[in-house]
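Peer 1: The structure under discussion is supplied below as structure tokens; questions concerning it will follow.
The values are calculated or read from the model by the stated rules, or taken from the named source; none is laboratory data. Note that the structure is predicted; figures quoted are calculated from it, not measured. FYI the Cβ positions are ideal-geometry reconstructions off the backbone, even for glycines, and counts take in every protein chain you see.
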């Protein structure tokens, strides 16, 4: 057994977090920070991070030496942009774990270790320190205070994210516990994990004891829990419900559906989606302002085209603190730099998306005839001048059909049709197969609600609605339809509720199979 004799040097941390070491978050401080201050302080912080890494992270120092960047002064953001872009394969997997850590020390440090899901390759394990917990807690306290008034209401947080080696559940437990203890909020937590029956049971047993109940959950699991609760006679509307999402995007129709079932008075404040990774933690989240802008874009094609350009994939649209997570957009891909147990500079997240300053978004809205501040006042939501980051569904989470991509987002929108909601849960797995003549076709495996039986009529109707959505959204599909006709309409396979082939209870939904 190895004896650890040395003591690690202090781990550097972003100076920005020191502003929030008090018992409760100062929302007025956030409100007072201008766009220029966010930008300048973010640049100053990321330069300090890069210099610290070059001096104190052996793997990064070695990388800079090999690429001839060891002498870069890193005095300006222009110097920073000369640094190499790294990713898992080029950096993390090519160095021993300890060399990726501050001062080359892994032994003797108090870590919480999380695993990636392995959906795009072999799982990678990321050690986190309490700093990542503090960063998540800062974001969470921001939305729990500004959206849900946890300082004024007794609150039960149902943590329905996965518990185990994955980041969602344990990371959330630590952050919510940190907030409750530090701020002395009347905030309680129950950890159900991804078990629908336990979510329903928790609401039934404890819902009446709190002013509000907040459920943190992946979107597909939450929808199942809400639908199951309705089927069991649970009236969700009698509770003051809020929802925190993570891991994947969803449509505004989905947000409206959840709000309707729950009886939400204002989905701008009662629903929050977070953008995070195992690599870096929770990096940004949907402020009410970001949701308002996204919903406006869905309703106004001119705003949509100005902000997002892509006509098929609706991105998750969030705001972030650049002093903690410094985002860049390089050739349509998101790059992020952040402090942590494994600190990372110019790390390729492999996510498609982009970055805007607050001023850039305001200008784009103004050019479309919309006064952003006036709209926010109309809905009674705060305007924070933090920058925005938007992220699309990953390209590797799509299927290739006749040399073009078909995305799960299109199928999701089709299955949100009111007619489909009566028979299907909304979960599916799509793939490309070939017939005897080796011609490709799209197969979509859909999950039926409990008690629904498969029929030829149901499969034909589902295939028709998905085909119509593809024709509406995809110019490549429309062009191929002109030549191939109805033969390219997706083929549907209906599966019983929670069938373990594609919809095993307790596992994260796999939208694409390759």
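Peer 1: Six or more apart or on different chains, Cβ atoms under 6 Å: show the pairs whose first residue is in region 252-279 and outside the structural domain of residue 346 (by TED's automatic domain parsing) and closer than 30 Å to residue 92 by Cβ and whose second is assigned to a helix (DSSP H, G or I) and modelled with pLDDT of 95 or more.
Peer 2: Within 6 Å, the pairs are 272/143.
Peer 1: Here is a check on your reading of the model: is residue 473 within 25 Å of the chain's Cα centre (by Cα), more than 18 Å from residue 432 (Cα to Cα) and not assigned by TED's automatic domain parsing to the domain that holds residue 165?
Peer 2: Yes.
Peer 1: Can you pull out the residues in region 410-430 that are modelled with pLDDT under 85 and either crowded, with 22+ Cβ neighbours inside 10 Å or more than 22 Å from residue 300 (Cα to Cα) (or both)?
Peer 2: Within region 410-430, 418, 419 meet the criteria.
Peer 1: Are there any strands (runs of 3 or more DSSP E) wholly within region 108-210 with 1 or more residues that are in contact with a helix residue (DSSP H, G or I) (Cβ under 9 Å, 6 or more places away or on another chain) and over 30 Å from residue 512 (Cα atoms), and if so which?
Peer 2: 112-115, 155-159, 187-191
Peer 1: Same structure, new question: Would you check if residue 140 is at pLDDT 95 or above, within 23 Å of residue 279 (Cβ to Cβ) and touching a strand residue (DSSP E or B) at 6+ places or on another chain (Cβ under 9 Å)?
Peer 2: yes
Peer 1: Mind checking whether some residue in region 304-323 is in a helix (DSSP H, G or I), buried (at least 18 other Cβ atoms within 10 Å of the Cβ), assigned by TED's automatic domain parsing to the domain that holds residue 383 and on the phi < 0 side of the Ramachandran plot?
Peer 2: yes
Peer 1: Here's a check for you: in region 384-409, which residue that is in a loop (DSSP other than H, G, I, E, B) and more than 30 Å from residue 146 (Cα to Cα) is modelled with the highest pLDDT?
Peer 2: It comes out as 407.
Peer 1: Hey, another quick one. Tell me yes or no: at least one residue of region 487-494 is free of Cβ contacts under 8 Å to residues at least 60 places away in the same chain and either assigned to a helix (DSSP H, G or I) or within 30 Å of residue 323 (Cα to Cα) (or both).
Peer 2: yes
Peer 1: Does region 340-348 contain at least one residue that is surrounded by 21 or more Cβ atoms within 10 Å (Cβ to Cβ), under 26 Å from residue 268 (Cα atoms) and in the same structural domain as residue 47 (by TED's automatic domain parsing)?
Peer 2: no
Peer 1: Restricting the search to region 363-402, which residues are under 30 Å from residue 513 (Cα atoms) and either within 17 Å of the chain's Cα centre (by Cα) or surrounded by fewer than 19 Cβ atoms within 10 Å (Cβ to Cβ) (or both)?
Peer 2: 389, 390, 391, 392, 393, 394, 395, 396, 397, 400, 402, listed by residue number.
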